[in-house]
C-alpha cells in the first residue's frame, strides 16, 4: 500500500468513525446553550513516558471556547430557578476573561444585559470577545489585582440592583461540574482504570465539583491540584481572610504575579477552600510558567491541540505525575481553554506576522507570486536564540553574596533582576532579544528565592545598589542602567548602544525598532 493510499484509508476510517459517533438527537439544537459540555477526551503521546497513559479533556470544544461555559450556564439557570435573577435584569461579574466570555454567550442567548469587570492586565483578546458578544467591559487597575475586580463588581451590583453571579462562592458553579463534567469522565472511562485526575483551579468550581463526584464513584482515584510555583497560595498553608458569606477580604500574602491567566487569583476562593477542607485533594504539583508555555506549544506542534497557557500548565502537572506514577497508570488532565485568546501574551512571543528568512526562501524557490529577490530584514536578529526567562540559579541562594556574585560574573555582563512574568520584565527581555543582546535573567520571586526569605534580602541589596525599588532593573558590567522604559529611552537616544559598545557587548547594530512596541497591548493607549 502506498503512502497516499495509507493516508486516504486513515482519513476514511476517521470520517466513518466520526459519523458513527454522532448521535442524531444532538445534531440539531434549539439554542447554542445545549451544545455546552460533552467535550472530547484525547490521548496525548508527546513527552509522555512509555509506562503510563495521559489523556486530556479538551474544554475548548465548548461553544465559548472554555470550561467556564459550564459555570456560566449553571449559575444563570440556577438563579432563574430560584428567582434570584429576574427577567431582563443586568448580570455583573468579576473575571479574568473566560467566565466573562461564557457569561456573554449565555446572556446573549437568553437576553440578559451583562457587565463584566476585569483587570486591565488580562489579555486584550478577551475583552474584545466579550464586547463582540454584547457585554460591557469595565476595566480596573492592574495594581488592584483580583480583589479590585471583586470590589468593583460588588459596588456596581449594589448601586444598580444588578445580579452578581459570585462565581468564586456560588455552589451552583461546582454543582454544574458534578452534573456534567464528572459524569462525562466516568462514562469515558467506564470499565477502565483511571488513576489520576489533574486540574488547576481559579474559582475552584471545576476542582470542587469534579473531585467530589469522582471520589464518590471511584474512591481510589488521586485528585491532583496544580498552582504556579512562584505563587504557592494554597500550598503555603496560610489561610485566607474572608467574610461570613465567603467573599475574601484581602489579597493572599503569598500571591505573586504569574503567567497562568484564570488560575490562582490573589485569594483562595471559598469553593477551593471547601475542596481542601473536605479532603478531596490528594496532592499538589507546582508548575513553572515557562514550562507551561513550552508544553502548550508542544501540544500545538506535536499533537495539533490548540490550548492556552493554563492547558500547558495542567499538562505539565500531568507529566510531573507521570514521571513518578506506577507502570500502567492512566492520567487525565483538564485543558481549560483555547490558545487563541492568548495572542497578546508570552505564549505567542516570537510568533511573527511577517515571513521569516526561511519562509521567504521557500517563496523564492518558485517563480510565481513572489516578492523581490532581496528578502526584508527579519524583525528579530538572527543572532542569539530567544532566551526564556528562567531562574539563573537553581542551587540554594546565599542571599548575603548573591547580588555581588551575579554582577561580578564576567560571562554574563548584562543582568536583568525582575519578577517572574511581570509584564515590564517580559517587555524588557523581549527588547533585549530583539536587539540581540545576551543577558542573564534573575527572577527574585522564584521558588528558590522564597526559602528562608532569601528573596527579601536579595531585593534589599539590589535596591541599595540602584536606589530604585521597582522592577525590572538592568545592570551592565555591574552598573545600574535603569528599568524597562529607561532602557527603551536609552536605546532611542543612542546611550544604550554606547554603553554596550564600551562594555564590549555584542548587539544588532542594524536593528530598527520602536522598543515601546514591546509593551503589552493593555499598556498602550486605549
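Per-residue packing, averaged as other Cβ atoms within 10 Å, sorts the ranges 330-337, 121-128 into the order 330-337, 121-128, beginning with the highest.
Each of residue 144 and residue 412 was given a label point 7 Å from its Cα along the Cα-to-Cβ line. The distance between the two points is 3.8 nm.
When only Cα pairs below 8 angstrom with a gap of at least 6 residues are kept, the chain shows a relative contact order of 13 percent. With a Förster radius of 25 Å, plug the Cβ-Cβ distance of residue 456 and residue 284 into 1/(1 + (r/R0)^6) and report the FRET value to the nearest 0.05. Efficiency, rounded to the nearest 0.05: 0.55.
Using 0.36 nm per residue of separation minus the Cα-Cα distance, give me the extension gain between residue 50 and residue 276 in nm, one decimal. Don't jump to the answer; show the numbers that get you there.
Values: separation 226, 0.36 × 226 = 81.36 nm, distance 3.22 nm.
Length difference between fully extended and current span is 78.1 nm.
Taking packing as the residue-averaged number of other Cβ atoms within 10 angstrom, the listed peptides 399-406, 463-470, 351-358, 231-238 run from highest to lowest as 231-238, 399-406, 463-470, 351-358.
A value for volume of the Cα convex hull per residue in Å³ was derived from the coordinates, and within the list [x] 162; [y] 267; [z] 199 it appears as [z]. Seen through its C-alpha gyration tensor, with square-root eigenvalues sorted a ≥ b ≥ c, region 237-354 comes out oblate because a/c lies at 1.5 or above while a/b is not bigger than b/c. Rounded to the nearest 0.05, the FRET efficiency derived from the C-beta distance between residue 368 and residue 344 at R0 = 41 Å is 0.70.
What 222 nm value per residue comes from the helices of the chain, counting each DSSP H run with n ≥ 4 as -39,500 (n - 2.57) and dividing by all residues, nearest 500 deg cm²/dmol? Value at 222 nm, helices only, nearest 500: -11000 deg cm²/dmol. Cβ crowding within 10 Å ranks 491, 348 as 348, 491, fewest other Cβ atoms first. Can you figure out the FRET efficiency of residue 84 with residue 498, using R₀ = 51 Å and their beta-carbon distance, to the nearest 0.05? Efficiency computed from Cβ-Cβ geometry: 0.20. The order of the peptides 74-81, 259-266 by mean Cβ neighbours within 10 Å, most packed first, is 259-266, 74-81.
Taking other Cβ atoms within 10 Å as a rough exposure proxy, 252, 177, 160 sort from fewest to most as 160, 252, 177. As a proxy for reagent exposure, 212, 244 were ordered by neighbouring Cβ count within 10 angstrom, fewest first; the result is 244, 212. Label separation (residue 361 vs residue 241): 6.0 nm, computed from points 7 Å beyond Cα along the C-beta direction. Note on residue 42 and residue 401: their simple-model spin labels are 5.1 nm apart, each label 7 Å out from Cα toward Cβ.
Only the coordinates and a few stated rules stand behind these numbers; no lab work does. Small disclaimer: the values here were computed from a predicted structure and weren't measured. FYI the Cβ positions are ideal-geometry reconstructions off the backbone, even for glycines, and counts take in every protein chain you see.
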